[in-house]
1. When the residues of the range 70-103 are narrowed to those that are in contact (Cβ under 8 Å) with a residue 60 or more places away in the chain and buried (at least 16 other Cβ atoms within 10 Å of the Cβ), which ends up farthest from ILE183 (Cα to Cα)?
2. Out of all the residues in the range 103-117, is one or more part of a helix (DSSP H, G or I) and more than 15 Å from the chain's Cα centre (by Cα)?
3. Restrict the check to the range 118-140 and report whether at least one residue is modelled with pLDDT under 95, open to solvent by less than 80 Å² (accessible area, probe 1.4 Å) and in a strand (DSSP E or B).
4. Inside the range 33-71, can you point out the residues that are assigned to a helix (DSSP H, G or I) and at pLDDT 80 or above?
5. Could you please find all residues in the range 183-226 being basic (Lys, Arg) and closer than 16 Å to LYS73 by Cα?
6. Take the residues of the range 141-180 that are assigned to a strand (DSSP E or B) and in contact with a helix residue (DSSP H, G or I) (Cβ under 6 Å, 6 or more places away or on another chain): which is surrounded by the most Cβ atoms within 10 Å (Cβ to Cβ)?
7. Just the residues that are more than 19 Å from TYR152 (Cα to Cα) and open to solvent by 50 Å² or more (accessible area, probe 1.4 Å), please, taken from the range 188-221.
Amino acid sequence: MKLKDNNNTMRLTLGLLLIFTITSCSSGIKTELSINCLCSVTEHYSISTDSEDNRTKEYTFTNSPIFKLGVPKEYFATSCAILINNNSKIDSTTILKINLLKDKGGSKENTFFRYDIYELGDISPKYFEMLEIMNHFVESIYSAQYQVCHQYIGFEFDKDNFDTVMNQIKEGLERGYVDTRIIGFDKHKDNYSIYGGIYTENKILDLFTMKFRETADGLKITSFKF
């Protein structure tokens, strides 16, 4: 597994020997989580006299390299929780716990995040709406249809200058586009901060940042950096 950071573009390579284990999850969520974290993932259940423990499903992500490139742990955990909830049959009373484990030769550091299912249900629609916009936006960069990208922008940007900027971005992207995914997600009032990843055929994950705002015309992109 290698980390790459070239010309302000954050890139991660998914190693061929990556091993992950997730029990009782669909193959779809296995693929999503393994690509998004580039690390080992395990799922845990508790059997306890404590009612809250019995309702808790814990997912541990071990030694993910994405935090070295600036992805906030809380943003990453929230994105993972939304994906797990959307792709798994989880009871509404279930509590999801995301454990980000750093294991360095016997010295372990755990960072935990806890989510109630109803909380995830409230933010999930916007999450997937933004994911759809991001996919369309990135696909349009690859196909040089910059006018499509421009329609998602929620700020003034001269059309000629915009095309120049987008063309520069296009030239710096990895070839063999597969899809775009959300790696980190955060909501603050009507504003959303996103860490996205462009996944390509050669198993490169190009990281970028994007901000959205809820407007009278729907969700609009207020800033982006590739």
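The values are calculated or read from the model by the stated rules, or taken from the named source; none is laboratory data. Predicted, not measured: the structure shown is a model, and the values here were computed from it. We place every Cβ from the backbone using ideal geometry, glycine too, and count neighbours over all the protein chains shown. SASA here: full protein model, heavy atoms, side chains in, ligands and nucleic acids out. Shrake-Rupley method; radii C 1.70, N 1.55, O 1.52, S 1.80 Å.
1. To start, the set of residues in the range 70-103 that are in contact (Cβ under 8 Å) with a residue 60 or more places away in the chain comprises 70-72, 74-76, 78-79, 82, 87-88.
Pick out the ones that are also buried (at least 16 other Cβ atoms within 10 Å of the Cβ) and you get 71, 75-76, 78-79, 82, 87-88.
On the way: VAL71: 8, TYR75: 8, PHE76: 6, THR78: 9, SER79: 6, ILE82: 11, ASN87: 16, SER88: 18 Å.
In this case the residue turns out to be SER88.
2. Taking every residue of the range 103-117 in turn, at least one turns out to be part of a helix (DSSP H, G or I) and more than 15 Å from the chain's Cα centre (by Cα).
3. Taking every residue of the range 118-140 in turn, none turns out to be modelled with pLDDT under 95, open to solvent by less than 80 Å² (accessible area, probe 1.4 Å) and in a strand (DSSP E or B).
4. LEU33, SER34, ILE35, ASN36, CYS37, PRO65, ILE66, PHE67, LYS68, LEU69
5. LYS187
6. Here the residue is THR180.
7. Of everything in the range 188-221, those that are more than 19 Å from TYR152 (Cα to Cα) and open to solvent by 50 Å² or more (accessible area, probe 1.4 Å) turn out to be HIS188, LYS189, GLU201, ASN202, LYS203.
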